[in-house]
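Below is one structure; the comments refer to it alone.
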Ligand SMILES: [Zn+2]
């Protein structure tokens, strides 16, 4: 009898052992891969879960800012709503909600000092697809200030607003609608007046403000209101459905002008889409 293994047997044994070892390694690795697959499907589950949470959060956020930009139909009658002297903690959000509910938008000519006080409201106006515009820093008669004073009003106002929106305003409504050559030469924005004065600040009466709009509104008008008065917010709620029934779309000043192919330059003065005064040096 031969003791031990001959060379051939040894080779076969080594081969078998190696097969076993490699199989072991293979199985071990496969099982690791399987478990990591399981891990990643667990991760997918987590992702799905967080997607669900994300959706809920997004819905929540959309609920908070439910006002997404919409488009105007330039074929239909258009009027621009504008609100001066805000933003106001008590009224601006009410107006934003009423606008959104009625598929309408507006331009908010803000005072820099209020924008600085309520940056969250500036952001809401912007994020809701409405237009953030300027109304000076603190409502002086710009025509009394001279070049330096006008510049200072504009720069302080733009600083407060741009710190929220990332850019200077594109439109200015001069306080009291007061304009002279110095204002036109100094301000780098077109100057936006109005064609319908609701006198909301004077009557402080929602029905009177709504009636002023309903009786006078024509295609291309710019309506003046103030978002610092509670009756004005009520007037907006009342008047929007009625304007819609009359076939009006309510939009921002920029949307109105764009729909009517009006391009503006610094110093131009706009009363309505039908009444634009070009700047002459
Ligand atoms: Zn004002």
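A short reminder: the numbers here are calculations on the coordinates, not readings from a lab. The structure displayed is predicted, hence computed values, not measured ones. Don't worry about glycine lacking a Cβ; one is built from the backbone with ideal geometry, like all the others, and counts go over all protein chains shown.
Report the extension gain between residue 262 and residue 148 in nm, rounded to one decimal, defined as 0.36 nm multiplied by the number of residues separating them, less their alpha carbon distance.
This chain segment gains 38.0 nm when fully extended.
Quick check for you: which residues of segment 117-144 have the amide N under 14 Å from the point 7 Å beyond the Cα of residue 156 toward its beta carbon?
117, 135-142
Hey, how many Å between the Cα centroid of segment 207-224 and the Cα centroid of segment 90-110?
16 Å
Using a basic spin-label model with each label point 7 Å from the Cα along Cα→Cβ, how many nm lie between residue 90 and residue 76?
My value for the distance between the label points is 3.3 nm.
Using Cβ counts within 10 Å as a stand-in for footprinting exposure, how do 209, 203 rank, fewest first?
The most exposed by this proxy come first: 203, 209.
Just rank 236, 276, 270, fewest to most, by other beta-carbon atoms within 10 angstrom.
276, 270, 236
How far apart, in nm, are two points set 7 Å out from the Cα along the Cα-to-Cβ line at residue 230 and at residue 168?
Each label point lies 7 Å from its Cα, and together they span 3.9 nm.
Need one number: nm distance between label points at residue 101 and residue 207, each 7 Å from Cα along Cα→Cβ, rounded to one decimal.
For the pair residue 101/residue 207, the computed spacing is 2.0 nm.
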